[in-house]
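See below for the structure under consideration.
Values in this text are rule-based calculations from the coordinates and carry no lab data. All values reported here derive from a predicted model rather than from experimental measurement. Here the Cβ positions follow ideal geometry from the backbone for every residue, glycine too, while neighbour counts run over all protein chains shown.
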Amino acid sequence: MKYAKTVFKWLMYAAVVASIVFFVRAFMIHMEKLPPIPLNLTTVAIGLLSMVSVVVTHFFGTHVWRLLMSDQGHRVPTRLAVQVFFISQLGKYLPGNVGQFIGRGVLAKSTGIPVGVAVGTAVFEGIWNLAISCSLALLGTVVLLDLHTAGGAAPAFASKLVWILPLALVAPWLGIKVLNTVLPGLSKKIGGGQLLRPPQLRTALFVSLLILINFMQQGYVVKLQSEYLFASPDIDWFSIALLYSSAWVVGYVVPGSPGGLGVREAMMVVLFTPLTGAAVAAGLAVSMRLTTLLGDALTVLLGVLGRRMQQHKTPAATP
């Protein structure tokens with residue numbers, strides 16, 4: 001078993017290296033075909049909006065975490081949850097894609113939030129994100145099939161899939177029910193010896209909606225960057241959001257890739273090329289990685305500033 005884990009780990013590392021090499025090679029080949037990005041008010045606004053969208057994504061993620069904790073009877077003030085969630089994003093750039101969850105537990109302990117509740121709900125949040133993104137990725141395969149069938153034209157067919165999105169909202173909640181019934185051993189392993197307890201349906205739907213909004217929001221950022229930074233023709237928002245979700249989930253599940261670095265970019269080149277062309281796909285992979293890095297840096301900075309302000313206020317309020 002130990003040998004199998006070692007082999008698997010090295011295979012994942014090899015996959016990360018191969019992804020980085022593939023992406024760098026694709027970018028070097030197509031970079032000359034990219035139009036120069038004009039420096040004007042519009043492009044600067046798009047850049048700032050892209051960064052802010054990452055912070056908004058984390059803000060919604062904070063509320064997902066708060067809702068899951070509240071469902072377990074632990075109400076945490078928004079200000080406190082934001083500080084912990086924002087600062088913990090620094091951990092996502094550690095190999096293994098679990099650093100943000102560990103960091104959240106450490107920070108939560110220092111603020112009085114029970115570690116078990118903080119980490120347990122954080123894992124639940126990760127499972128929820130994975131379930132929603134996988135649902136969107138499945139829809140993304142339909143988009144790819146339509147793109148190849150249409151010979152690269154923008155797939156109007158994708159907009160007809162919107163009605164399926166409500167199924168994605170309940171997929172994680174139903175998935176936990178199925179897991180508890182079909183694979184109780186795995187459920188207990190994830191749940192620390194007990195079956196996973198699904199949240200109330202109302203909480204589950206609200207959590208799913210916030211996560212879905214996050215993916216759709218990031219898809220719209222990709223659309224804006226494609227059209228305003230790289231002069232791409234108008235692309236279908238829903239299609240690009242589904243394809244970005246597919247790239248995100250691959251980068252998320254491959255261990256050894258901090259923050260999906262390299263893997264997500266390679267998948268964006270592969271998935272976006274039929275819709276945007278190879279040059280724009282490579283450019284978007286770079287611009288979205290810069291967006292994520294700068295947005296995460298701004299998120300952590302806001303979390304640190306909020307924590308320091310809170311620490312300065314606390315002694316003053318103590319007689």
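Over region 1-149, what is the mean sequence separation of C-alpha contacts under 8 Å (at least six apart), divided by residue count, expressed as relative contact order in percent?
The normalised contact order for region 1-149 reaches 14 percent.
Would you kindly state how much longer the chain becomes between Met28 and Ile127 on full extension, computed as 0.36 nm times their sequence separation minus their alpha carbon distance, in nm to one decimal?
Stretched fully, the Met28-Ile127 segment lengthens by 32.1 nm.
Share of Cα-Cα pairs in region 265-309 beyond 11 Å, in percent?
Counting pairs separated by more than 11 Å, the tail of P(r) holds 66 percent.
Could you please rank Ser88, Ser287, placing first whichever residue has the fewest other Cβ atoms within 10 Å of its Cβ?
Listing Ser88, Ser287 from fewest to most nearby Cβ atoms yields Ser287, Ser88.
What is the magnitude of the charge dipole of the chain about its Cα centre, with +1 placed on the Cβ of each Lys and Arg, -1 on the Cβ of each Asp and Glu, and no other charges, expressed in debye to the nearest 20?
With only Lys, Arg, Asp and Glu charged at Cβ, the dipole is about 1260 debye.
Determine, for each peptide in 174-181, 114-121, the mean count of other beta carbons within 10 angstrom over its residues, then list the peptides with the highest first.
Per-residue Cβ counts within 10 Å, averaged per peptide and sorted highest first, yield 114-121, 174-181.
Return a single number: how many Lys pairs in the chain, at a sequence separation of 8 or more or on separate chains, have alpha-carbon atoms below 20 angstrom apart.
Count of close lysine pairs: 9.
Where Rh denotes the Kirkwood radius from the mean inverse Cα pair distance, what is Rg over Rh for the chain?
When Rh is taken as the Kirkwood radius, the ratio is 0.98.
Order 263-274, 228-239 from most to least packed using the mean count of other Cβ atoms within 10 Å.
So the order, starting with the most tightly packed, is 263-274, 228-239.
So what is the orientation-averaged projected area of region 1-97, using the convex hull of its C-alpha atoms, in nm²?
Its average projected convex-hull area is 10.8 nm².
Tell me, in nm to one decimal, what length is gained between Leu145 and Leu39 on full extension, where the rule is 0.36 nm per residue of separation less the Cα-Cα distance?
Full extension from Leu145 to Leu39 adds 34.5 nm.
Suppose only helical runs count, i.e. DSSP H with n ≥ 4. What mean residue ellipticity at 222 nm does that imply for the chain under -39500 (n - 2.57) per run, divided by all residues and rounded to the nearest 500 deg cm²/dmol?
The per-residue figure over the chain is -26500 deg cm²/dmol.
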